[in-house]
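All remarks here apply to the structure that follows.
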Amino acid sequence: MLTSKQRSVLKGIAAKEDTILQVGKNGIIDTLITQVSDALKARELVKMSVLDSSMLNAEEAAGELAEKTKSEVVTVIGNKFVLFKRNPQKPKITF
């Protein structure tokens, strides 16, 4: 569970990052879950967006992906959201 201070630090880092993955019309499929898991392992922080053609809104997509990747939702703003999962072997983000 992230504290408000940790969440604030992560939001600041995410503001400078580009969106690297998108949830499209197919929704959350196994390949997307694998891509998100791999990105979280490499980066710890992943910024994503939800396309207008998707059946899910950003909050729903963020919650479902966080559950399936065992990560945490940092923030949801509009059609974008940020997920965080600490890499236990090689942590990149320190608080």
*Determine whether the range 68-76 contains at least one residue that is surrounded by 14 or more Cβ atoms within 10 Å (Cβ to Cβ), in a loop (DSSP other than H, G, I, E, B) and not β-branched (Val, Ile, Thr).*
yes
*Which of the residues that make up the range 56-95 are among the hydrophobic types (A, V, I, L, M, F, W, C) and either under 13 Å from GLN22 (Cα atoms) or modelled with pLDDT under 95 (or both)?*
LEU56, ALA58, ALA61, ALA62, LEU65, PHE81, VAL82, LEU83, ILE93, PHE95
*What are the residues in the range 2-59 that are closer than 15 Å to THR75 by Cα and buried (at least 19 other Cβ atoms within 10 Å of the Cβ), if any?*
LEU10, ALA14, GLU44, LEU45, VAL46, LYS47, MET48, VAL50, ALA58
_Of everything in the range 1-12, what is assigned to a helix (DSSP H, G or I), touching a strand residue (DSSP E or B) at 6+ places or on another chain (Cβ under 6 Å) and not charged (D, E, K, R)? Give them in sequence order._
LEU10
*Hey, does the range 82-94 have a residue that's touching a Leu at 6+ places or on another chain (Cβ under 9 Å), at positive phi and in a loop (DSSP other than H, G, I, E, B)?*
no
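The values are calculated or read from the model by the stated rules, or taken from the named source; none is laboratory data. Predicted, not measured: the structure shown is a model, and the values here were computed from it. Cβ: placed from backbone, ideal geometry, glycine included. Neighbour counts: every protein chain shown.
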